[in-house]
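Chemist: Take a look at this one; I'll ask things after.
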Amino acid sequence: MTELNEKEPLVMAVDDNSKNLQVVGKILGKNGYNLSLVGDGQTALKLAKEKQPDLILLDIMMPVMDGFEVCSLLKKDEITKNIPVIFLTAKTGEDDIVKGFETGGVDYITKPFNHRELLARVNTHVELKRSREEIKTLKGFIPICACCKKIRDDKGFWEDVEKYVEERSYAKFSHGMCPDCVKSQYPDIYEKIEKKK
């Protein structure tokens, strides 16, 4: 698995068949994922709110509440709406695949599945989710000290603006001085520059 941020990603697998959960758990567990294995849709909805996994693998054919209904409810909830859902199911009909995407799924894998394909798709969607979260961090409200200009990160620690931005983007900094700072810090140099203009 490619490296994904500081903590191991959490994947929730939802299937009423415990053997299917064991297979998925074994594949993902060996590849650096934390797992939450769930046997029904109602429990999945509750745990998704509490644990907020990076990804949900969701079977469609389950008793009481099928996967389509679970996915729809996840997408309507403010807390869980951004968790990507991959349907992992034996239903292969075109209508089922389309319905999976219409209810909010990001991908659709049919059983029996290829282990490498499952892992590749899980890796891709976890990385995409985390990338979107990083972009939101850079676009959203960022607490900054009015005095020293350090930024408070999501863990409550204060760090330099440069370090904060470089860790969350591909941006690199070059250093210089604006005319106002040159004027206040180096008035002699400022005057020489102004005379040359």
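The values are calculated or read from the model by the stated rules, or taken from the named source; none is laboratory data. Keep in mind it's a predicted model, so treat the numbers as computed, not measured. With ideal geometry, Cβ positions are generated from the backbone for all residues, glycine too; neighbour counts draw on all protein chains shown.
Chemist: SER169 - would you say it is free of Cβ contacts under 8 Å to residues at least 60 places away in the same chain, assigned by TED's automatic domain parsing to the domain that holds GLY105 and of a type outside the set (D, E, K, R)?
Modeler: Details: free of Cβ contacts under 8 Å to residues at least 60 places away in the same chain: yes; assigned by TED's automatic domain parsing to the domain that holds GLY105: no; of a type outside the set (D, E, K, R): yes.
No, not satisfied.
A quick yes/no check of all residues on (1) surrounded by 15 or more Cβ atoms within 10 Å (Cβ to Cβ); (2) in contact with a helix residue (DSSP H, G or I) (Cβ under 8 Å, 6 or more places away or on another chain); (3) of a type in the set (Ser, Thr, Tyr):
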{"site": "ASN20", "(1), (2), (3)": "yes, no, no"}
{"site": "GLY25", "(1), (2), (3)": "yes, no, no"}
{"site": "ASP54", "(1), (2), (3)": "yes, yes, no"}
{"site": "CYS71", "(1), (2), (3)": "yes, yes, no"}
{"site": "LYS76", "(1), (2), (3)": "no, no, no"}
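Chemist: Related question: Take residues that are under 30 Å from ASN17 (Cβ atoms) and basic (Lys, Arg) and tell me which of the helices (runs of 4 or more DSSP H) falling wholly in segment 77-183 contain 1 or more. Don't jump to the end; show me each part of the working.
Modeler: On the way: elements: 94-102, 115-139, 161-168.
So the answer is 94-102, 115-139.
Chemist: In addition: Output the number of the condition that LYS155 fails; it satisfies all remaining conditions of (1) surrounded by 10 or more Cβ atoms within 10 Å (Cβ to Cβ); (2) within 25 Å of ALA48 (Cα to Cα).
Modeler: With (1) surrounded by 10 or more Cβ atoms within 10 Å (Cβ to Cβ); (2) within 25 Å of ALA48 (Cα to Cα) applied to LYS155, the lone miss is (1).
Chemist: Can you go through GLU69, GLU50, GLU8 and tell me which one is part of a helix (DSSP H, G or I) and closer than 30 Å to GLU167 by Cβ?
Modeler: Values: GLU69 fails: closer than 30 Å to GLU167 by Cβ; GLU8 fails: part of a helix (DSSP H, G or I).
That would be GLU50, the only listed residue that is part of a helix (DSSP H, G or I) and closer than 30 Å to GLU167 by Cβ.
Chemist: Which one of GLY32, GLY25 is touching a residue at least 12 places away in the same chain (Cβ under 8 Å), of a type in the set (Gly, Ala, Ser), under 20 Å from THR124 (Cβ atoms) and part of a loop (DSSP other than H, G, I, E, B)?
Modeler: Sole residue among the options that is touching a residue at least 12 places away in the same chain (Cβ under 8 Å), of a type in the set (Gly, Ala, Ser), under 20 Å from THR124 (Cβ atoms) and part of a loop (DSSP other than H, G, I, E, B): GLY32.
Chemist: On to the next question. Identify the single condition in (1) buried (at least 17 other Cβ atoms within 10 Å of the Cβ); (2) more than 22 Å from the chain's Cα centre (by Cα) that GLY93 does not satisfy, given that it satisfies every other one.
Modeler: Answer for GLY93: the failing condition is (1).
Chemist: Cβ-Cβ below 6 Å, separation at least six or inter-chain, first residue in segment 150-163 and closer than 24 Å to GLY176 by Cα, second assigned to a helix (DSSP H, G or I) and modelled with pLDDT under 85: which pairs?
Modeler: ILE151/VAL161; ILE151/TYR164
Chemist: Evaluate segment 64-76: report whether one residue or more is within 20 Å of LEU128 (Cβ to Cβ) and either touching a residue at least 60 places away in the same chain (Cβ under 8 Å) or touching a His at 6+ places or on another chain (Cβ under 8 Å) (or both). Even if it seems obvious, please write down each step before you answer.
Modeler: The initial filter retains those residues of segment 64-76 that are within 20 Å of LEU128 (Cβ to Cβ), namely 71, 74-75.
Within this subset, residues satisfying the condition of being either touching a residue at least 60 places away in the same chain (Cβ under 8 Å) or touching a His at 6+ places or on another chain (Cβ under 8 Å) (or both) are none.
The answer is no; no qualifying residue exists.
Chemist: Given the options ILE189, ILE144, ILE109, name the one that is in the same structural domain as GLY25 (by TED's automatic domain parsing) and hydrophobic (A, V, I, L, M, F, W, C). So that I can check it myself, show each step before the final result.
Modeler: Values: ILE189 fails: in the same structural domain as GLY25 (by TED's automatic domain parsing); ILE144 fails: in the same structural domain as GLY25 (by TED's automatic domain parsing).
Exactly one of ILE189, ILE144, ILE109 is in the same structural domain as GLY25 (by TED's automatic domain parsing) and hydrophobic (A, V, I, L, M, F, W, C), namely ILE109.
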